[in-house]
Amino acid sequence: MDRIAIIGGARLEGEIVISGAKNSAIKLMAASLLTDQPLRLTNMPRLADTRFLGQLLRRLGTDIIEQDGDDGAETILHTREIVSAFAPYDLVRQMRASFNVLGPLIARTGHAKVSLPGGCTIGARPVDLHLEALRALGASIDLHEGYVYAQAPRGLIGAEIEFPFVSVGATEHVMLAAVLAKGETVLKNAAREPELGDLAECLNKMGAQVSGAGTSTIRIQGVDHLHGATHSVIPDRIETGTFALAAAMAGGEVRLTKTRSDFVETLLDKMVEAGVEVIRHNDGMTIKRNGARLKAVEIETDPYPGFATDLQAQFMALMTLADGESVIKETIFENRFMHAPELARLGADILVSGGEARVRGVETLEGAQVMATDLRASVSLVIAALAARGETVVSRVYHLDRGFERLEEKLGACGANVRRIAGTGEPED
Ligand code: EPZ
């Protein structure tokens, strides 16, 4: 397995072009199952997660062409017919969001057998809201031996669904199913993440009638069929925030382009509060820090537009060197502090208790061997390492490859001393 080695201490200067959003791309890919015509997605990130979903879609009957275009990498997905409505465990467990093929499969074929995704290192992550919502649309759902068996032979029927709490995945999943249902579906307490807006926009280009995405009430007027479309994936707000935090940690001046500052406003406000200079542009932002010590600030993760849970680990890395104590509350996932003991190996002072971490800023971090535990945790270790004395080696970087495109190249181009050490194929620990 590959590792990443970072020698800390280099300031970052330059530009980083942000990729298309992983968490949008994978839902847009699933949308291609809803039509027999080609869906052309541009500004696509090339990641392990998009590859995993591609493998599943091919098995279901999708032809996939990957090519380069004017708007970055392109993926053309064409599902002339669903050749199998079966999503096996081996493919769904590799990437949880693969579960979201269930709704489109029922909508297009009237039946599906899809593996339950199972647990995950950051929390239990059940799919009860997804299943309840699909039932509300008229699907009959049975669970046997780890699989969901769904039937809706006469098609799905629009319904009013009020989610008991906000779920990004469940909101997207119902949207993917309800666009082909008979009549109107109204989703209340819907997630408002920008990826929802992107999915709605793409579905509307395909002939769907979705309104209100980005607000907590989404209305979907079902249509008989969808057609092909071309759609550019929105910028990755988590990658944007991650590089903003990397620049703040290392010091220097980095311009993030092909992205949107409004997607990361809550983060940017916290960074400014900590003492980082942020200049917003039409195509992104510049992050500046001249070396003065940052102040500790508190954060609490919340659904969008609150502070993103997917940026919590990276923000914690920044706080390890801040002046004072930062309290970090995680409200979305119950086990999302696994990076804390790894940051402690670099010299951070962090006390975790339940859903709260207290980070007491230290003067210096020191390079060490550390282990990635999940996607965002792994990049928090890279961020900390940028400011640590000496060399840090991060193992299990396959986590990182799921969601960050050419990370070493992007940081390296700004002067970071980062290199990938190719694995031998042997287990590392
Ligand atoms: C999405 O996960 C993202 N993944 C996550 O990013 C992100 O952290 C999360 O939203 C929150 O922003 C993708 O988009 C692929 P949820 P999702 O449903 O949809 C509970 C990353 O690193 N819940 O909003 O799975 C759930 O356990 C990943 O890119 C239920 O209880 O998140 C969690 O506590 C990690 N029952 C909370 O709701 C359900 O049926 C919010 O989860 C569904 C969710």
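Segment 1-96: which GluC sites (Glu not before Pro) are DSSP loop and have at most 10 other beta-carbon atoms within 10 angstrom?
Glu81
Between Gly241, Gly361, Gly183, where does the largest GNM mean-square fluctuation fall for the chain, given springs only between Cα atoms within less than 10 Å?
Gly183
With n ≥ 4 as the cut-off for DSSP H runs, can you work out [θ] at 222 nm for the chain, using -39500 (n - 2.57) per run divided by the number of residues, rounded to the nearest 500?
-8500 deg cm²/dmol
Around Glu300, what is the net charge, scoring Lys/Arg as +1 and Asp/Glu as -1 over all other residues with Cβ under 10 Å from its Cβ?
-3
Could you list the GluC sites (Glu not before Pro) in segment 130-210 that lie in coil according to DSSP, counting only those with at most 14 other Cβ atoms within 10 Å of their Cβ?
In loop regions of segment 130-210 (DSSP not H, G, I, E or B), the sparsely surrounded GluC sites (Glu not before Pro) are Glu145.
Pick from Val362, Val393, Val297 the residue whose mean-square fluctuation is largest in a GNM of the chain, springs joining Cα atoms under 10 Å.
Val362
Using the Cβ atoms and a cut-off under 12 Å, what net charge is assigned to the surroundings of Arg420, where Lys and Arg are +1 and Asp and Glu are -1?
Once all neighbours under 12 Å are counted, the net charge is -1.
Compute the convex hull volume of the Cα atoms of segment 222-347, divide it by the residue count, and report the result per residue in Å³ as a whole number.
142
In a shell of Cβ-Cβ distance under 11 Å around Ala368, excluding Ala368 itself, what net charge do Lys and Arg (+1) and Asp and Glu (-1) give? Don't jump to the answer; show the numbers that get you there.
Details: positive: Arg345, Arg389; negative: Glu342, Glu366, Glu391.
Around Ala368, the charge tally is -1.
As a test, work out the antiparallel percent of DSSP beta bridges whose residues both lie in the chain, rounded to the nearest 5.
In the chain, approximately 70 percent of DSSP beta bridges are antiparallel ones.
Roughly how much of Thr301 is accessible, in Å² to the nearest 10, using a 1.4 Å probe?
0
Dividing the Cα convex hull volume of the chain by residue count, how many Å³ per residue is that?
Considering the Cα atoms of the chain, their hull volume per residue is 129 Å³.
As an exercise, identify the GluC sites (Glu not before Pro) in segment 303-380 lying in DSSP coil whose Cβ has no more than 15 other Cβ atoms within 10 Å.
Glu334, Glu363
In terms of the Cα gyration tensor, with a ≥ b ≥ c the square roots of its eigenvalues, is segment 22-232 rounded because a/c is under 1.5, prolate because a/b exceeds b/c, or oblate?
Taking the square roots of the gyration eigenvalues as a ≥ b ≥ c, segment 22-232 is rounded.
Would you count, across the chain, every pair of lysines whose alpha carbons are under 23 angstrom apart, provided the pair is eight or more residues apart or spans two chains?
Taking the chain as the scope, the lysine pair count is 19.
In nm, give the distance between the simple-model label positions of Glu184 and Asp36, each being 7 Å from the Cα along the Cα-to-Cβ direction.
Going by the 7 Å Cα→Cβ label model, 3.1 nm.
Quick check on segment 1-99: take the gyration tensor over C-alpha atoms, sort the square-rooted eigenvalues as a ≥ b ≥ c, and tell me if it's rounded (a/c under 1.5), prolate or oblate.
oblate
The values are calculated or read from the model by the stated rules, or taken from the named source; none is laboratory data. Since this is a predicted model, take the numbers as computed values, not measurements. A quick note on method: Cβ atoms are made from the backbone with ideal geometry, for glycine too, and the neighbour counts reach across all protein chains shown. Accessible surface is based on the protein model in full, side chains and every heavy atom, while ligands, DNA and RNA are left aside. Shrake-Rupley method; radii C 1.70, N 1.55, O 1.52, S 1.80 Å.
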